[in-house]
There are 2 protein chains.
Amino acid sequence: MPAAPLPTIHEVARLAGVSVATVSKTLNRSGKVSELLQARVNAAARKLGYAPHASARSLRSGATRILGLLVADLANPYFLRLVESIERLSSAAGYSVILCNSAEDPEREERHLAMLLSQRADGVIIIPTRRGWSGRQAALADLPMPGILVDRRIEGLELDSVTTDNVALGRLAAEHLDDLGHRRIAVIMGSPEHQIARHRLDGLRSGLASRGTTLDERLIEKDNFSEAAGHAAAMRLLRHAQRPTAIFATNNHLSLGLLRAIAERGLSIPDDLSVIAVDEPPWAGLVRPGMTIVTQPSEAIAQTTVSTLLSRVSEGRSGVEGEARSIQLQPALVVRGSTAAIRT
Amino acid sequence: MPAAPLPTIHEVARLAGVSVATVSKTLNRSGKVSELLQARVNAAARKLGYAPHASARSLRSGATRILGLLVADLANPYFLRLVESIERLSSAAGYSVILCNSAEDPEREERHLAMLLSQRADGVIIIPTRRGWSGRQAALADLPMPGILVDRRIEGLELDSVTTDNVALGRLAAEHLDDLGHRRIAVIMGSPEHQIARHRLDGLRSGLASRGTTLDERLIEKDNFSEAAGHAAAMRLLRHAQRPTAIFATNNHLSLGLLRAIAERGLSIPDDLSVIAVDEPPWAGLVRPGMTIVTQPSEAIAQTTVSTLLSRVSEGRSGVEGEARSIQLQPALVVRGSTAAIRT
DNA sequence: CTGTTAGCGCCTTCAA
DNA sequence: TTGAAGGCGCTAACAG
């Protein structure tokens, strides 16, 4: 039994016997209003179920208190965790979030961005799709409101960004595996076109190199980032004449494919081989005796993102002031049972 | 280098040498405008990077083309799939989605709903938190815009809803397990306070009863819906003097806990026991040789939800017309390897 | 302290 | 076919 249209400030004013300005001042705690009138206004507002009309307020004030959140791929548990944290933090700061899932489709990203411009979001948080669309670079550089990139940077684009130090991430994996004595180490890296994948590989390679080990280039599996690709790559590695003693999967989808392949082949972790993955997906608990992972600090990334963006928002209508900030946060190694010392 | 504030319709009009009315008519394809002026207007709009101001348009037109999506728990993969589908369908229909995650916290739900009222969302899609807040019933009954419940209904509330037929879901599990000869069947059901849990249990019980089997009440594990609770319940069942031959976990979090417990105990599926779960979480592929599940038709639910809501939106400003529609969709059994015939 | 008033940008009559 | 003008609900300046 949905009801009549919502009351306006005028009706509240009439019921309270005051002017609209008094209502506005009372509800926004701006300007001075006597206790008596405040009480009358609040009572009237409650009685009528008054809710200020956000569009009218925005039109007048120039701020929407809306943030746009453009996510490359909601199905990735890591991004989902970022979304959860960002939504919570934004909401706590008084901002609503318009969620847009690009699903790695550049066209959807472009349409969504145009919509966020129309909505006059006060700021936009972008996890960009891997492939861009024509004009994306310029569109993001000329954003009429503050914007910030998360997780993925776009080469050559001057825009605030918060990312993981992915070279360090690869190095952490390298050092851990080297400590355990592994020499035949394989990587399922996804696409080499992608900067993050390259950085993680570089970190692994240089980490091993600094310990005197050379990464066998034939054990580097390159393809896309899908679970199916991870599964196929893992199958190839597991059938290898000299099977690797450890496999590093550089992303959630890939590691899921890897684990599925290992299960299908009936191999046992870590007896038959060690596995190290990135992030902490919900299913990490299914791997006995626990998944060794390199985690990205998702909560810290979300906090840094929201606070950086909101500070830009309050700095002024545009983010022109100062250079673009590129913030890198450090990953951490979490050792569990899926990696073990190699038998000699 | 974010740029100047966005141009208004006036600046487009001035550049094109026409009036604002002509610009509006051109861009909205309403009214008649000569080809010549249309071209000039479009050129001017493109040149200036004009994007209509959504707040101004909403204020004038009374419609925001925004849908509110209030989700009880984003961390549940089933809800996440619904969110993905709903976002995609809404976006395709020209609506933006404000995402709100309640995280099963009634207070957050209440705050979010108030915000959606202020935003004057054209419609709201609600997966309600299990616990309500004082006044929720009334607030939802008196919603000033069309609203629709998804997955969970609220007892006594007259509002459109789209849910799974959970009794049928329980019955499907029952019939499958009975076909395989199972008699000692356990259930990890979550909280009996929750209607869905009760319906699924009822379905299981009646399904078994109709085959002449009585469900052993001591094998019904009741607690909350967390992974930890599922794990604890599973541990109790697995240590049972007479271990059940099959376990039915009625929700994603619970089944994850169950699988973890089985892995920890070193038991093998389906040799040591059969497992049947609900929904298709991303990690279903990790269970060899495949998880037998009862799936909820998430895509169909999303489609029905969005189309029902949007039809209410276009019916008129309120959803008063007609009775509340309660739509139930049917679950389906997907047989894989985690369930097997009992050895006799 | 309180009230009156002028727009914010847009769409939609209504006149020309 | 085109343009001029009013007003959606709200806030901020200003007047009393």
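The values are calculated or read from the model by the stated rules, or taken from the named source; none is laboratory data. Since this is a predicted model, take the numbers as computed values, not measurements. Cβ atoms come from the backbone with ideal geometry, glycine included; neighbour counts cover every protein chain shown.
Exactly one residue out of A:S96, A:S90, A:S85 is hydroxyl-bearing (S, T, Y) and either surrounded by 24 or more Cβ atoms within 10 Å (Cβ to Cβ) or at the interface with chain B (Cβ under 9 Å from one of its Cβ atoms) (or both): that is A:S96.
Only one of the listed residues (A:I125, A:I154) is of a type in the set (V, I, T), surrounded by fewer than 18 Cβ atoms within 10 Å (Cβ to Cβ), on the phi < 0 side of the Ramachandran plot and more than 8 Å from chain B (Cβ to nearest Cβ). That residue is A:I154. Which ones in the range A:20-60 are more than 7 Å from DNA strand D (Cβ to nearest atom) and of a type in the set (S, T, N, Q)? Matches in the range A:20-60: A:T22, A:T26, A:S34, A:Q38, A:N42, A:S55, A:S58.
What residue, among those in the range B:259-295 that are small (G, A, S) and in contact with a strand residue (DSSP E or B) (Cβ under 8 Å, 6 or more places away or on another chain), is nearest to A:P282 (Cα to Cα)? Applying the filter and picking the extreme gives B:A284.
The set of residues from the range A:128-151 being out of contact with any Gly (no Cβ under 9 Å at 6 or more places or on another chain), surrounded by fewer than 16 Cβ atoms within 10 Å (Cβ to Cβ) and under 17 Å from A:R312 (Cβ atoms) is empty. Would a scan of the range B:8-17 turn up a residue that is over 40 Å from the mean Cα position of the chain (by Cα), more than 7 Å from DNA strand D (Cβ to nearest atom), of a type outside the set (A, V, I, L, M, F, W, C) and closer than 24 Å to A:M145 by Cα? Yes, that holds for at least one residue. A:S118 meets each of the listed conditions (1) within 11 Å of chain B (Cβ to nearest Cβ); (2) away from DNA strand C (no atom under 13 Å from the Cβ); (3) among the hydroxyl-bearing types (S, T, Y) apart from (2). Residues of the range B:197-228 that are among the small types (G, A, S) and more than 14 Å from chain A (Cβ to nearest Cβ): B:A197, B:G203, B:S206, B:G207, B:A209, B:S210, B:G212. Of all residues in the range B:61-77, those being more than 9 Å from chain A (Cβ to nearest Cβ) and within 13 Å of DNA strand D (Cβ to nearest atom) number 2. Any residue at all in the range B:58-77 that is free of Cβ contacts under 8 Å to residues at least 40 places away in the same chain, touching a Lys or Arg at 6+ places or on another chain (Cβ under 7 Å) and more than 24 Å from A:R136 (Cα to Cα)? Checking the range B:58-77: not a single residue is free of Cβ contacts under 8 Å to residues at least 40 places away in the same chain, touching a Lys or Arg at 6+ places or on another chain (Cβ under 7 Å) and more than 24 Å from A:R136 (Cα to Cα). Here are B:L99, B:L113, B:L149: which of them is at pLDDT below 95 and hydrophobic (A, V, I, L, M, F, W, C)? After ruling out the rest, the residue left standing is B:L99. If you go through the range B:1-13 and keep only what is more than 7 Å from DNA strand C (Cβ to nearest atom), touching a Phe, Trp or Tyr at 6+ places or on another chain (Cβ under 9 Å) and either more than 30 Å from A:D122 (Cβ to Cβ) or within 13 Å of chain A (Cβ to nearest Cβ) (or both), you end up with B:L6, B:P7.
Please verify whether the range B:192-214 includes one or more residues that are free of Cβ contacts under 8 Å to residues at least 40 places away in the same chain, crowded, with 21+ Cβ neighbours inside 10 Å and in contact with an Asp or Glu (Cβ under 7 Å, 6 or more places away or on another chain). Yes; the residues of the range B:192-214 include at least one that is free of Cβ contacts under 8 Å to residues at least 40 places away in the same chain, crowded, with 21+ Cβ neighbours inside 10 Å and in contact with an Asp or Glu (Cβ under 7 Å, 6 or more places away or on another chain). Identify, please: which residue in the range B:20-47 is within 14 Å of chain A (Cβ to nearest Cβ) and more than 11 Å from DNA strand C (Cβ to nearest atom) and is, among those, surrounded by the fewest Cβ atoms within 10 Å (Cβ to Cβ)? Residue satisfying both the conditions and the ranking: B:R46.
Is it true that A:S102 is without any contact (Cβ under 8 Å) to a residue 40 or more places away in the chain, more than 9 Å from chain B (Cβ to nearest Cβ) and crowded, with 21+ Cβ neighbours inside 10 Å?
Answer is yes for this residue.
For every residue, the table says whether it meets (1) closer than 22 Å to A:V306 by Cα; (2) in contact with a strand residue (DSSP E or B) (Cβ under 9 Å, 6 or more places away or on another chain); (3) more than 14 Å from chain B (Cβ to nearest Cβ); (4) of a type in the set (A, V, I, L, M).
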position: A:G147; (1), (2), (3), (4): yes, yes, no, no
position: A:D160; (1), (2), (3), (4): yes, yes, no, no
position: A:N166; (1), (2), (3), (4): yes, yes, yes, no
position: A:L169; (1), (2), (3), (4): no, yes, yes, yes
position: A:A174; (1), (2), (3), (4): no, yes, yes, yes
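Just one of the listed residues (A:A72, A:A51) is away from DNA strand C (no atom under 13 Å from the Cβ) and closer than 30 Å to A:T164 by Cα, and it is A:A72. Counting only residues that are aliphatic (A, V, I, L, M) and farther than 17 Å from A:E221 by Cβ, the range A:193-209 holds 1 of them. Considering the conditions (1) more than 9 Å from chain B (Cβ to nearest Cβ); (2) buried (at least 18 other Cβ atoms within 10 Å of the Cβ); (3) more than 9 Å from DNA strand C (Cβ to nearest atom); (4) modelled with pLDDT under 95, A:A16 is excluded by exactly one of them, (3). Name the residues in the range B:54-69 that are within 9 Å of DNA strand C (Cβ to nearest atom) and surrounded by 14 or more Cβ atoms within 10 Å (Cβ to Cβ), would you? Within the range B:54-69, B:A54, B:S55, B:A56, B:R57, B:S58, B:L59 qualify.
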